[in-house]
1. If we count every other residue with Cβ under 11 angstrom of TYR270's Cβ, Lys/Arg +1 and Asp/Glu -1, where does the sum land?
2. What Kirkwood hydrodynamic radius, in Å, does the stretch 1-145 give when the mean of 1/r is taken over all pairs of distinct Cα atoms and then inverted?
3. Probe radius 1.4 Å, ligands and nucleic acids ignored: give me the carbon and sulfur share of the accessible area of the stretch 102-297 as a rounded percent.
4. Which aspartates and glutamates have a Cα lying under 17 Å from the Cα of LYS227, excluding residues fewer than 8 positions away in the same chain?
5. Assign one of three labels to the stretch 252-298, namely rounded, prolate or oblate, based on the Cα gyration tensor with a ≥ b ≥ c the square roots of its eigenvalues; rounded applies when a/c is under 1.5, prolate when it is not and a/b is larger than b/c, and oblate otherwise.
6. Cα-Cα over 28 Å: which of LYS128/LYS192; LYS71/LYS100; LYS100/LYS192?
7. So how much slack lies between ARG224 and PHE26, counting 0.36 nm per residue of separation and subtracting their Cα-Cα distance, in nm?
8. Can you compute the helix-only [θ] at 222 nm over the chain? Use -39500 (n - 2.57) per DSSP H run of at least 4 residues, normalise by all residues, nearest 500 deg cm²/dmol.
Amino acid sequence: MTSPEEQAYHLLTEYSNGFMVSQVLFAACELGVFDLLAEAPEPLGAAAVAARLGTSSCGTELLLDTCVSLKLLQVQTRRGKALYQNTELSSTYLVRASLKCQANMLRYLARTTYLCWGHVAQAVRDGKNQYQEAFGVPSDELFTAIYRSEGERLQVMRGLQDVWSISGRHVLAAFDLSPFPLICDIGGDFFKDPLPEADLYILARVLHDWTDARCSHLLARIHRACKPGGGILVIESLLDADGRGPLTTQLYSLNMLVQTEGRERTPAQYLALLAPAGFQDFQCRRTGGIYDAILARR
């Protein structure tokens, strides 16, 4: 039986090793482990996986066994030989042929977000994102920094599509949207371009990118464009009222510091942005997932 001191140390070790866990996941996706096993007619041994991926036998075996411990793979032994195959988790979310595959977002996290997080302490010191430190790219124009190339832009778009393939229906089902026949999904260069008239404007993971001042400016523009009786649907990962949870949303908020100009907010903080812009009848719905929904009327 472990002592409280040992339990605390084990927890600390789990936290400090978290970056290794994410890199195992990223590496297995990048190398094509899950796709290979999905396409194989039967479970494969480490040597066969290594031969088909063109990887080292020792490194492949270590990676596969670690994936087993993470419940990303399962293993069975036949005649003393370990044979690997995907679990339901990896089959659903990590195999490209799956409609729920999250590989594009994982690739973006691995190649961009992870590198920015290497400078999180500096982000806390500076209070600003870390594209200059991570990539040598000035971030005065936020999305010029985020979309550093056409390939990067497409990676972000595909990653977001992955996320919404899972989360989209939950947030869109949070409210009855039938009173809004004409819906505008806000994206692109929306601070200066004319906004089309609509009954409902959707802001999905938009406001968390920006400062309160920029959010207020955008919301005021939307209010002016919105038809009488129309509304706005804000889709974000909401913090608890005290800002100290859920942990995933807190991490997302730190990520906004590292990668954008914004932060995640509580329902009250969104109300404080929406009300001065002229919106009322504020309603907030927790979906039980990562993203929640706020509906307000003009």
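The values are calculated or read from the model by the stated rules, or taken from the named source; none is laboratory data. On a predicted model such as this, the values are computed, not experimentally measured, just so you know. Glycine gets a Cβ as well: all are built from the backbone with ideal geometry, and neighbour counts include every protein chain shown. The area values use the complete protein model at the heavy-atom level, side chains included, leaving out ligands, DNA and RNA. Shrake-Rupley method; radii C 1.70, N 1.55, O 1.52, S 1.80 Å.
1. Details: positive: ARG265; negative: ASP212, GLU236, GLU264, ASP292.
So the surrounding residues net to -3.
2. On the way: mean 1/r = 0.0568 Å⁻¹.
It is 17.6 Å.
3. On the way: 5060 of 9430 Å².
That share works out to 54 percent.
4. By straight Cα distance, LYS227 reaches ASP185, GLU197, ASP199, ASP281.
5. Details: a/c = 3.19, a/b = 1.44, b/c = 2.21.
Judged from the Cα gyration tensor, the stretch 252-298 comes out oblate (a/c at least 1.5, b/c at or above a/b).
6. Violating the 28 Å limit, Cα to Cα: LYS100/LYS192.
7. Roughly 66.9 nm would be gained on extension.
8. On the way: 15 runs with 146 residues, N = 298.
My calculation for the chain gives -14000 deg cm²/dmol from helical runs alone.
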